[in-house]
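Please read the structure below before turning to the comments.
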Amino acid sequence: MRQRYSSDYLRHLRNDIPIAILIADILAVPSKVSEGYFRFLCPLCGEFNTASNPDTNLARCFRCERNFNPIEMVMTVNRCNFLEAVRFLKDFQWVI
């Protein structure tokens with residue numbers, strides 16, 4: 001049986017799990033604060049030419065020109081599909 005998640009629940013995962021905390025604390029991606037910006041090692045190109053925006057809850061790699069929301073970040077770092085990423089975030093929701 002396929003598991004379905006409501007659009008409200010998926011919106012919650014994308015918007016309410018702070019992207020910087022997810023990247024640094026849960027996914028343990030190398031990160032740092034530089035020039036007042038949270039930067040992380042891009043899981044695609046391996047560059048630190050990145051930033052996150054707490055207002056939009058998105059992370060961006062300026063070299064790859066790729067934006068990541070929390071679900072996409074989990075999919076990329078853990079090399080998993082969408083449903084696996086949602087389950088992963090569901091398990092760690094209590095941390096945040």
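Scanning residues 5 or more positions from Phe38 or on other chains, those with amide H under 5 Å from its amide H are Ser52, with H placed 1.01 Å from N in the peptide plane. Rounded to the nearest 20 debye, the dipole magnitude of the chain is 280 debye, with +1 charges on Lys and Arg beta carbons, -1 on Asp and Glu beta carbons, and the Cα centre as origin. A cut-off of 5 Å between modelled amide H atoms, ignoring neighbours fewer than 5 places along the same chain, links Glu47 with Cys42.
Backbone phi angles across the range 5-16, fed through the Karplus curve with coefficients 6.51, -1.76 and 1.60 (θ = phi - 60°), yield HN-Hα couplings of 10, 5, 5, 5, 5, 5, 4, 4, 4, 6, 9, 9 Hz in residue order; Gly and Pro are listed as x. For the chain, the per residue solvent-accessible surface stands at 63 Å², with DNA, RNA and ligands left out and a 1.4 Å probe.
Annotation: average projected area of the range 27-88 is 4.2 square nanometres, based on the convex hull of Cα atoms across all directions.
Compute the separation of the alpha-carbon centres of the range 57-81 and the range 1-48 and state it in Å as a whole number. Using only Cα atoms, the two centres lie 7 Å from each other. Sequence-ordered 3J(HN,Hα) estimates for the range 65-76 from the Karplus curve with 6.51, -1.76 and 1.60 and θ = phi - 60° stand at 6, 10, 9, 10, 9, x, 5, 5, 5, 4, 4, 6 Hz, glycine and proline given as x. Determine the shape class of the range 1-54: with a ≥ b ≥ c the square roots of the Cα gyration tensor eigenvalues, call it rounded for a/c under 1.5, and otherwise prolate if a/b is greater than b/c, oblate otherwise. It comes out prolate by the Cα gyration axes.
The H on the amide N of Arg66, modeled in the peptide plane, is under 5 Å from the matching H of Cys61, each at least 5 residues off or on a different chain.
The values are calculated or read from the model by the stated rules, or taken from the named source; none is laboratory data. This is a predicted model, so every value here is computed, not measured. So basically every Cβ, Gly included, is an ideal-geometry build from the backbone, and we count neighbours across all protein chains shown. Ligands, DNA and RNA are stripped out before the accessible areas are found, and what is left, the full protein with its side chains, is counted by its heavy atoms. Shrake-Rupley method; radii C 1.70, N 1.55, O 1.52, S 1.80 Å.
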